[in-house]
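For reference, the structure is listed below as structure tokens.
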Ligand SMILES: [Zn+2]
């Protein structure tokens, strides 16, 4: 079943489910302190070269599924009565650049943003970084929010792989094959950032070698109970023993 959107294009019925999942996830991320006020935004790939994205400037507790905007991957609104997130350019750029990615979560979470303000990357100070398919969380150079320069900086940093990045003087970016995976990646990134911050405050953190991160990445593929779907798919980092 499909219906016509306000932009004249046909909207897959699954978009309704995705809109609900976005609201639920955004509100959960707000409850656990990763999102606050109107900062941050979420997007999910919808079949047919479309995406669903949170509206701009609305407090998360007031957002309903009908406020989530459907756009095409060029950023044109296809369905919805709200204006999409001001970060639409980088959400669509990530989904265009990374066919393996199905969802993008952007936050101004405290510790990731603290390190981004310091202009730091996050090295492999804890093995869970393997769940982000990275040995170092990269730092995207500062550009004005909502700009194409910021979108270009992000795709340059994560275009080849990886599920997280810090945005200088701005915040954090987490990716997943689906929305649950991207939300888990956002939580893992904030965990890593907070541990790194605390470790730097009292001494010099020990960094694991890249080979060990590769071993952990392999081990993650076998982690969890046989025959059960993991809390989030292993490729999305939810299988990290925590
Ligand atoms: Zn932001």
Going by the structure shown, is residue 215 over 12 Å from residue 94 (Cα atoms), in a helix (DSSP H, G or I), away from the ligand (no atom under 14 Å from the Cβ) and out of contact with any strand residue (DSSP E or B) (no Cβ under 8 Å at 6 or more places or on another chain)? yes
Restricting attention to region 94-128, which residues are surrounded by fewer than 22 Cβ atoms within 10 Å (Cβ to Cβ) and within 15 Å of the ligand (Cβ to nearest atom)? 108, 110, 113, 114, 117
Number of positions in region 143-161 that are buried (at least 19 other Cβ atoms within 10 Å of the Cβ) and away from the ligand (no atom under 11 Å from the Cβ): 6
Can you tell me how many residues in region 162-184 are away from the ligand (no atom under 16 Å from the Cβ), closer than 14 Å to residue 138 by Cβ and either free of Cβ contacts under 8 Å to residues at least 60 places away in the same chain or in a helix (DSSP H, G or I) (or both)? 1
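For region 55-72, name all the residues that are under 14 Å from residue 15 (Cβ atoms) and touching a helix residue (DSSP H, G or I) at 6+ places or on another chain (Cβ under 7 Å).
In the first step, residues of region 55-72 are kept if they are under 14 Å from residue 15 (Cβ atoms); the result is 65-72.
Those that are under 14 Å from residue 15 (Cβ atoms) and touching a helix residue (DSSP H, G or I) at 6+ places or on another chain (Cβ under 7 Å): 65, 68, 70, 71.
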So which of 161, 119 is touching a strand residue (DSSP E or B) at 6+ places or on another chain (Cβ under 8 Å) and at positive phi? 119
Search region 188-212 for residues being out of contact with any helix residue (DSSP H, G or I) (no Cβ under 8 Å at 6 or more places or on another chain) and part of a helix (DSSP H, G or I), and hand back the single one that is farthest from residue 132 (Cα to Cα). 202
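Every number here is computed from the coordinates shown, using simple stated rules; none is lab data. Keep in mind that this is a model prediction, so the values were computed, not measured. Cβ atoms come from the backbone with ideal geometry, glycine included; neighbour counts cover every protein chain shown.
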